[in-house]
Amino acid sequence: NKGSFEHYMQKEIHEQPESLTTTMRGRLIRGGSSKGKNVLLGGLKDHLMSIRRSRRFLFIGCGTSYNAALAARPILEELSGIPVTMEIASDLLDRRGPVYREDTAVFVSQSGETADTLNALEYALDNGALCVGITNAVGSAIARKTHCGVHINAGCEIGVASTKAYTSQIVAMAMLALAIGGDTISNQARRDAIIDGLFDLPNKVREVLKLDQEMKDLAEQLVAEQSLLMFGRGYNYATALEGALKVKEVALMHTEGMLAGEMKHGPLALVDENLPIVVIATRDSCFSKQQSVIQQLHARKGRLIVMCNRGDAASVCPGEATRLIEVPQVEDCLQPVINIVPLQLLAYHLTVLRGYNVDQPRNLAKSVTTE
Ligand code: UD1
Ligand code: BG6
C-alpha cells in the first residue's frame, strides 16, 4: 500500500524516521544513575565473546548492502580494534579468498536470498568462520544459515532501489560495533555519545526529509546531464558510492561515486565547467581535507554541489555558483544515515522527471537469486 505516495521508493524514503525507530526498538538502553548506556542485541548475546576474540571481520554483501557495510566499517574498526576487510560477495568467490576459523564473517543482505551472498556464506561456513547475518527478511536463507545475527526490522521494502533498508543496515551495524566494543571502559564516553545520537536520529532524519522540494529543484537543473560525479571520504565514502548507485540504477544517468582521496590520481582529469560534481563535506575528522578538495575542484572550474552541515556554508563555498545541500549534524559515524537522504530524494526526482520507472528500474530485480 503506497498510501498518499506515488511510488514505493518515495514512500520508503519518507518512512525512514519510522523504520529506523523499529530497527532500534528494544535494543538501546538509555542508562540511569546506576546503569550505563548500552546496546542489547538479542541475536548476538550467546556469540559476543567469540566475536570479540576474532582476528578479523569480513563484511560481505552486494550492491546497497555492501555500501551500508562500508559506511559502518570505520566505527567497527574504532570500537573493536579489529581489522575489517570489505568483500563484494562475487569477488570473494571469484578469488576463493582466504577465510579462517578465527574470522567473523558478517553477511549483509536486505532480502537474505541474494545468490552471491548466499554462496559466499556457504564458502565461509566450509572454512570454519563464525558467520553473522545482518538481514531484513525473517526466515530468509541467509538468516537461517548464519550462526547468529541481527534482523534490521526495517519492514518490507518493495522498491527495487533499496533506501530504508540501507539506513537501517547502517544503524544495525553501528549497534553491532557498540555491542562488540562494549567491554572496554576507555571508549565509554564515545559509545555514550553514539547511543544518544541514535536516540535522536529519527528526528534528524525527519528534518533532512524537509529538503524534498530543494532536491526536486536540483533534479530539474540536472535532468538533462549525461553524467554526475560524487566525491566522499571517511565515513562518507560509502555515501558517495550509494548516492551514485541510486542515481544510476533508477534515473539511468551515468554517475560515479569516488573516494575524494583518489581525486588527483585520475578523476581530476574529468573536471571541467560542464560536469556536475557532488562533494560531501560534513563535519568529521576529514573536513579540512574536503575543504581543500573543494578548493582544487573550484580552481579547475568544477560545477560544484556541496553537501555540508548547517552553518558551514561560508567554510565550504568557494564561489557564488556553488550549490549547497545543508544537512543537520549528528555524531560523525551516524552522519552517513543523514547524508544519503537528500541523494535518495535527488535520485527519485531525477527518475520521475526523466520519465523512467521508479519502482522497477530497467533490467534490474529486487532480489538476484542466480549468479
Ligand atoms: C527477537 C524476536 C523479536 C522479539 C525479541 C524479544 C524474532 C525474529 N525476533 O528479536 O520478535 O521481539 O526477540 O526479545 O523472532 N539471526 C540469524 N541471522 C540473521 C538474523 C538473525 O541467525 O541474519 C538469529 C539471531 O541470532 C537470533 C534470531 O535470529 O537468534 C532472531 O534475531 P533478531 O530478530 O535480531 O533477535 P531479537 O532482536 O532478539
Ligand atoms: C539487487 C538489488 O541488485 O541486490 C539491490 O537491486 C540490492 O538494491 C542488491 O542492494 C543486494 O540485495 P540484498 O537483498 O542482498 O541486500
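The values are calculated or read from the model by the stated rules, or taken from the named source; none is laboratory data. All figures in this text were calculated on a predicted structure; none of them were measured in a lab. Cβ atoms come from the backbone with ideal geometry, glycine included; neighbour counts cover every protein chain shown. Ligands, DNA and RNA are stripped out before the accessible areas are found, and what is left, the full protein with its side chains, is counted by its heavy atoms. Shrake-Rupley method; radii C 1.70, N 1.55, O 1.52, S 1.80 Å.
At-a-glance table
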quantity: Qualifying residue in segment 318-329 (condition: at pLDDT below 95 and at positive phi); calculated: no
quantity: Test: residue 194 is at pLDDT below 95 and either within 16 Å of ligand 2 (Cβ to nearest atom) or among the aliphatic types (A, V, I, L, M) (or both); calculated: no
quantity: Within segment 62-72, considering residues that are in contact (Cβ under 8 Å) with a residue 60 or more places away in the chain and not small (Gly, Ala, Ser), the one most open to solvent (accessible area, probe 1.4 Å); calculated: 62
quantity: Residue list for segment 135-157, filter: within 6 Å of ligand 1 (Cβ to nearest atom) and of a type outside the set (S, T, N, Q); calculated: 138, 142, 143, 148, 149, 150, 151
quantity: Test set (1) within 16 Å of ligand 2 (Cβ to nearest atom); (2) over 24 Å from residue 160 (Cα atoms); (3) within 18 Å of the chain's Cα centre (by Cα) - residue 74 fails condition number; calculated: (1)
quantity: Meets criteria (in a loop (DSSP other than H, G, I, E, B) and not hydroxyl-bearing (Ser, Thr, Tyr)) for residue 26; calculated: yes
quantity: Odd one out for residue 129, checked against (1) at negative phi; (2) open to solvent by less than 10 Å² (accessible area, probe 1.4 Å); (3) within 15 Å of ligand 2 (Cβ to nearest atom); calculated: (3)
quantity: Selection from segment 178-205 of residues that are open to solvent by 30 Å² or more (accessible area, probe 1.4 Å), among the aliphatic types (A, V, I, L, M) and assigned to a helix (DSSP H, G or I); calculated: 189, 193
quantity: First in segment 233-245 and within 18 Å of residue 287 (Cα to Cα), second anywhere and of a type in the set (Lys, Arg), Cβ under 7 Å, 6 or more apart; calculated: 233/289
quantity: For residue 235: the one exception among (1) part of a helix (DSSP H, G or I); (2) within 16 Å of ligand 2 (Cβ to nearest atom); (3) more than 23 Å from residue 42 (Cβ to Cβ); (4) not hydrophobic (A, V, I, L, M, F, W, C); calculated: (2)
quantity: Sole residue being open to solvent by less than 20 Å² (accessible area, probe 1.4 Å) and touching a Pro at 6+ places or on another chain (Cβ under 6 Å), chosen from 76, 20, 44, 58; calculated: 20
quantity: Test: residue in segment 251-264 that is loosely packed, with under 14 Cβ neighbours inside 10 Å and modelled with pLDDT under 95; calculated: yes
quantity: Residue match in segment 88-100 (condition: touching a Phe, Trp or Tyr at 6+ places or on another chain (Cβ under 7 Å) and open to solvent by 30 Å² or more (accessible area, probe 1.4 Å)); calculated: yes
quantity: Subset tally (residues that are more than 14 Å from the chain's Cα centre (by Cα), among the hydrophobic types (A, V, I, L, M, F, W, C) and more than 14 Å from ligand 2 (Cβ to nearest atom)) for segment 77-91; calculated: 3
quantity: Test: residue in segment 83-96 that is within 20 Å of residue 49 (Cα to Cα) and not in a strand (DSSP E or B); calculated: yes
quantity: Those residues of segment 52-65 which are of a type outside the set (Val, Ile, Thr) and either more than 17 Å from the chain's Cα centre (by Cα) or within 16 Å of ligand 1 (Cβ to nearest atom) (or both), in sequence order; calculated: 52, 53, 54, 55, 56, 57, 58, 59, 61, 62, 65
quantity: Single residue of 354, 362, 323 found to be open to solvent by 40 Å² or more (accessible area, probe 1.4 Å) and in contact with a strand residue (DSSP E or B) (Cβ under 6 Å, 6 or more places away or on another chain); calculated: 323
quantity: Single residue of segment 334-357 satisfying the filter (more than 20 Å from the chain's Cα centre (by Cα) and within 16 Å of ligand 2 (Cβ to nearest atom)) that is nearest to residue 310 (Cα to Cα); calculated: 351
quantity: Qualifying residue in segment 318-333 (condition: within 19 Å of the chain's Cα centre (by Cα), assigned to a helix (DSSP H, G or I) and touching a residue at least 24 places away in the same chain (Cβ under 8 Å)); calculated: yes
quantity: Residue match in segment 257-264 (condition: part of a helix (DSSP H, G or I) and touching a residue at least 40 places away in the same chain (Cβ under 8 Å)); calculated: no
